[in-house]
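Enquirer: Supplied in structure tokens, the structure appears directly below.
Bear in mind that the values in this text are calculations on the coordinates, not laboratory data. Fair warning: this is a prediction, and the values are worked out from it, not measured in the lab. Positions of Cβ are generated from backbone atoms using ideal geometry, with glycine treated the same way; all protein chains shown enter the neighbour counts.
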Amino acid sequence: MRFNNLDLNLLVALDHLVATRSISEAAERMNLSQSAMSNALGRLREYFDDPLLVRVGQKMELTVRAETLRPEIIDVLTRIEVALATKPAFDPKVAIREFRLLVSDYSLHTIIPPVLELTAPFCDHIGFHFLRQTEKPNVTLERGEADLLIAPRVVCSPDHPSIKLFEDDYCCVAWRRGKYGKGPLTRKAFAAAGHVRYLSSTTAGALDSVLLEQLGITRRTEVSTFAFSSVPQLVVGTDRIAIVHRRTAQLAAGHLPIAILELPFRMERFEQQMQWHHYRSRDPGIIWVREVFQKAAAKMQGN
């Protein structure tokens with residue numbers, strides 16, 4: 001298909017070239033040979049009268065023209081995808097669909113289990129593909145590579161609709177037989193203790209650190225981990241403590257010898273939201289899965 005003498009298939013190629021800044025990676029994404037992708041880039045350069053990608057040292061960089069085109073290409077391709085994928089109605093009893101969800105480790109062990117329980121009757125034809133949150137998950141949503149983003153309010157983009165699913169607060173966990181296992185936890189003890197800390201490149205992962213910094217409170221990190229759900233396990237058998245969400249602590253306390261301790265200071269509550277691309281607001285399938293998440297959130301809170 002052509003529009004103003006441009007083969008619209010080339011827009012897909014340009015989208016991958018701009019995203020990867022690599023001819024070989026873009027070719028792999030599209031299941032094309034490198035020579036075919038190089039040919040596509042040549043045709044795009046001719047059409048836009050711009051090199052689009054230029055080699056700088058060992059890397060390919062975008063030209064100003066390519067940077068300008070990037071959001072427009074994403075917008076056009078997302079509109080087309082939504083228009084083709086959206087059905088006039090969605091019946092979970094017969095529909096065949098996979099939903100792509102950007103979720104954190106925290107979401108996987110809190111709200112996702114009740115979501116899967118609610119959708120179990122349709123599991124043979126409705127699937128879920130959970131995507132790991134990137135440094136900027138809203139960009140993945142913008143690109144149409146995810147249907148929903150489940151993340152803290154501070155991570156969600158102001159450019160797309162979102163709703164609150166539930167709230168949680170922070171507490172500390174310690175080994176029940178350790179130095180801090182009997183509690184209560186004082187501010188002095190909090191500062192003196194070694195901490196287990198979840199480290200992440202995302203804003204969501206660093207949220208507790210941001211809140212502590214706002215309060216002027218520091219902690220002495222002795223152990224750090226990439227997996228949020230592993231934090232309670234890592235205090236067991238030690239005199240270390242860790243800040244976690246209360247729901248995480250309560251789930252962990254069911255199978256680990258840990259004590260849940262109140263913080264000796266007040267931290268802002270954590271608000272988990274659900275966000276979707278505004279182009280998908282009328283997609284019946286997205287509307288259905290949003291309703292499922294709201295029911296799951298209500299079930300978590302005992303409503």
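Enquirer: Once amide H atoms are placed 1.01 Å from N in the peptide plane, what residues at a sequence separation of 5 or more from L131, or on another chain, have their amide H within under 5 Å of its amide H?
Expert: Amide H neighbours of L131, under 5 Å, 5+ apart: L101, L102, V103.
Enquirer: Moving on to the next point. Cα atoms only: what Rg and Dmax, in Å, come out for the chain?
Expert: Just the Cα atoms of the chain yield Rg and Dmax of 23.4, 74 Å.
Enquirer: What net charge is computed for the residues neighbouring I217, neighbours being all others with C-beta under 14 Å from the C-beta of I217, Lys and Arg scored +1, Asp and Glu -1?
Expert: It works out to a net charge of +3.
Enquirer: How high is the relative contact order of the chain, in percent, counting Cα pairs under 8 Å that sit 6 or more residues apart?
Expert: Across the chain, relative contact order equals 22 percent.
Enquirer: Can you tell me the orientation of helix 64-85 relative to the chain, as the angle in degrees between its alpha-carbon axis and the longest Cα principal axis, to the nearest 10?
Expert: 80 degrees
Enquirer: Compute the Kirkwood hydrodynamic radius of segment 240-287, taking the inverse of the mean of 1/r over all pairs of distinct Cα atoms, and give it in Å to one decimal.
Expert: That comes to 14.3 Å for segment 240-287.
Enquirer: Going out from 0 in 5 Å bins, what whole percent of all Cα-Cα distances in segment 214-276 drops into each bin?
Expert: Bin by bin from 0 Å, the calculated values are 3, 13, 24, 24, 20, 10, 4, 1, 0.
Enquirer: Can you quote the Å³ per residue value for the convex hull of the Cα atoms in segment 170-268, rounded to an integer?
Expert: Looking at segment 170-268, the number lands at 87 Å³ per residue.
Enquirer: Ordered by residue, what ³J(HN,Hα) values in Hz, to whole numbers, does segment 219-234 give under the Karplus form 6.51 cos²θ - 1.76 cosθ + 1.60, where θ = phi - 60° and Gly and Pro are x?
Expert: Here the 3J(HN,Hα) series is 9, 9, 7, 9, 9, 10, 9, 8, 10, 4, 5, 7, 4, x, 4, 7 Hz.
Enquirer: Rounded to the nearest 5, what is the percent of antiparallel bridges among the DSSP beta bridges in the chain?
Expert: 60 percent
Enquirer: Also: Which ³J(HN,Hα) values in Hz, rounded to whole numbers, follow from the phi angles of segment 254-269 under the Karplus curve 6.51 cos²θ - 1.76 cosθ + 1.60, where θ = phi - 60° and Gly and Pro get x?
Expert: My calculation for segment 254-269 gives x, 9, 10, x, 10, 9, 9, 10, 6, 5, x, 7, 9, 10, 4, 5 Hz in order.
Enquirer: Taking the Cα atoms only, what angle lies between the long axis of helix 9-20 and the longest principal axis of the chain, rounded to 10 degrees?
Expert: Its long axis makes an angle of about 40 degrees.
Enquirer: Which ³J(HN,Hα) values, rounded to whole Hz and listed in residue order, are derived for segment 276-292 from phi using the Karplus coefficients 6.51, -1.76 and 1.60 in 6.51 cos²θ - 1.76 cosθ + 1.60 with θ = phi - 60°, glycine and proline given as x?
Expert: Per residue, the Karplus-derived 3J(HN,Hα) values read 9, 5, 5, 5, 9, 4, 9, 5, x, x, 5, 4, 5, 5, 5, 5, 4 Hz.
Enquirer: Compute the long axis of helix 34-48 from its Cα atoms, compare it with the longest principal axis of the Cα atoms of the chain, and write down the angle in degrees, 0 to 90, nearest 10.
Expert: 70 degrees
Enquirer: Next question, about the same structure. Helix-only mean residue ellipticity at 222 nm, the chain, DSSP H runs n ≥ 4 weighted -39,500 (n - 2.57), per residue, nearest 500. What is it?
Expert: -11500 deg cm²/dmol
Enquirer: For segment 133-175, what is the Kirkwood estimate of the hydrodynamic radius, computed as the reciprocal of the mean inverse distance between distinct Cα atoms, to one decimal in Å?
Expert: Taking the inverse mean of 1/r over all distinct Cα pairs, segment 133-175 comes out at 12.3 Å.
Enquirer: How many lysine pairs does the chain hold where the Cα atoms are under 20 Å apart and the two sit 8 or more places apart or on different chains?
Expert: Total qualifying Lys-Lys pairs in the chain comes to 5.
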